[in-house]
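One structure is given here, and the rest of the page talks about it.
The numbers here are math on the coordinates, done by the rules we state, and not lab data. Everything quoted here is computed from the prediction, not taken from an experiment. Glycine also receives a Cβ, built like all others from the backbone with ideal geometry; neighbour counts cover every protein chain displayed.
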Amino acid sequence: MAQDASVYLSEGDVQVERHGGISTVSFFHPKSNSLPGRVLKKLAEAIKTEGHSPEVHVVVLRSEGEKAFCAGASFDELLSLDNRADADAFFMGFAHVINACRTCPVPIVGRVQGKAVGGGVGLAAAVDYCFGTQGSQIKLSELAVGIGPFVVGPAVERKMGLSAYSDMAFNATEWKSAEWAREKGLFMEVFAGVAELDLAVQALAERLSNSSRDALTNIKKVCWVGTENWDSLLQERAGISGRLILEPTARGILQQLKG
């Protein structure tokens, strides 16, 4: 659990709880569960640590609250970026989380209780089995701020297909319904509300926690065949975002939004 509740509430944080073979990794940020670099780093570390623990058979990835699963990149941090090294490092934070999910030896179950934007859609796509609610609308909003969904792109395209990824990437201001996301493969099931969602997440996690860890690990490997180049691919994609966020178009949009 977070050591300092005041930091958790004001700056966001990551918490981990274990019950039997189930490890639940939860993240929070007061601004719609957006993800600053510090939270991204802790999230990647938690997924790595829990997934490689021999006692853990399944990881549940979730966020706090009921309205927003994840608002994506921290707007405040995007505004603060003023050099290429820091910009690349920020977007690599998303790459590290996606790669942590990809290389986690055990399955990750995603609990998407509300809206997901940008990097939040990437998180939902990077888990192995994802549930949503009728309120779990999704949007890739990056083009609207002068960049693009480059880092999350491989995860979204792998899960939903190139057509769905292209639709969201170019229609950056359009929300897609949870049912649309289910039809495209992001969500396995969509529930009426959070109570039903939690029951389904818990039921699946318990079944997986009682399964052979060796079998789970090998199924996970099979599911992710063809992604072995993602370490270099996502680094390249982070560089594209890092360059674009510093260009006049993106800076101008960010300043307008700030004002």
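Listing for the model above:
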quantity: For the chain, size of Cβ-based charge dipole, Lys and Arg +1, Asp and Glu -1, in debye; calculated: 260
quantity: Close Lys-Lys pairs in segment 5-258, where close means Cα under 12 Å and separation is 8 or more or interchain; calculated: 7
quantity: Calculated FRET efficiency for the pair Glu11/Lys258, C-beta based, R₀ 22 Å, to 0.05; calculated: 0.65
quantity: Rounded to 5, percent antiparallel among DSSP beta bridges of segment 110-195; calculated: 10
quantity: Vicinal HN-Hα couplings computed from phi for segment 137-153 (Karplus, 6.51 cos²θ - 1.76 cosθ + 1.60; Hz; Gly/Pro x); calculated: 6, 10, 7, 9, 9, 4, 4, 5, 10, x, 10, x, x, 6, 5, 7, x
quantity: Efficiency of FRET between Gln134 and Ser163 - r from beta-carbon atoms, R0 22 angstrom, step 0.05; calculated: 0.40
quantity: Counting DSSP beta bridges with both ends in the chain, the antiparallel % (nearest 5); calculated: 25
quantity: Dipole of segment 5-258 [Lys/Arg +1, Asp/Glu -1 at C-beta], most positive-end residue of Gly21, Ala205, Gly242; calculated: Gly242
quantity: Rg over Rh, two decimals, segment 5-258 (C-alpha only, Kirkwood Rh); calculated: 0.95
quantity: Alpha carbon centroid spacing (whole Å) that separates segment 175-194 from segment 66-129; calculated: 19
quantity: Sum of side-chain charges, Glu174 neighbourhood, beta-carbon under 11 Å (Lys, Arg +1; Asp, Glu -1); calculated: +1
quantity: The chain, helix-only ellipticity at 222 nm - DSSP H runs n ≥ 4, -39,500 (n - 2.57), divided by all residues, nearest 500; calculated: -15500 deg cm²/dmol
